[in-house]
């Protein structure tokens, strides 16, 4: 006599696949997703009341670091209305390249710090 084979219901298969995908996403974290698909930035924060000229000087001096690219400043922004930070796109930069960028920026007393940021806010 042949044993009967039970075929799972399609809804159960879908629920199991969804649960497995959620578990995998939780285990790998959002950082892996951002590295795979996204843009990562290094945000340079400046001391309060830093003049735009000092911000632009730090941006220009460190824009040569391989793998990092300063984000463009909007053409409509006046120098006096610059944002209070400068951002570098570092999605293709190695850890060593990011470290060189941070080292370059640390030479400027107006730089208060740097913070890596990804689209998900990590």
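The selection criterion, being assigned to a loop (DSSP other than H, G, I, E, B) and at pLDDT below 60, does not hold for residue 19.
This table checks each residue for (1) modelled with pLDDT of 95 or more; (2) in a helix (DSSP H, G or I); (3) under 16 Å from residue 41 (Cβ atoms); (4) out of contact with any strand residue (DSSP E or B) (no Cβ under 9 Å at 6 or more places or on another chain).
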residue: 64; (1), (2), (3), (4): no, no, no, yes
residue: 75; (1), (2), (3), (4): no, no, no, yes
residue: 80; (1), (2), (3), (4): no, yes, no, yes
residue: 91; (1), (2), (3), (4): no, no, yes, no
residue: 103; (1), (2), (3), (4): yes, yes, no, yes
residue: 108; (1), (2), (3), (4): yes, no, no, no
residue: 120; (1), (2), (3), (4): no, no, yes, yes
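Candidates 14, 56: the one that is surrounded by 13 or more Cβ atoms within 10 Å (Cβ to Cβ) and at pLDDT below 95 is 56.
The values are calculated or read from the model by the stated rules, or taken from the named source; none is laboratory data. Everything numeric in this text was worked out from a predicted model, so none of it was measured. Heads up, the Cβs are rebuilt from the backbone with ideal geometry, glycines too, and the neighbour counts pull from every protein chain shown.
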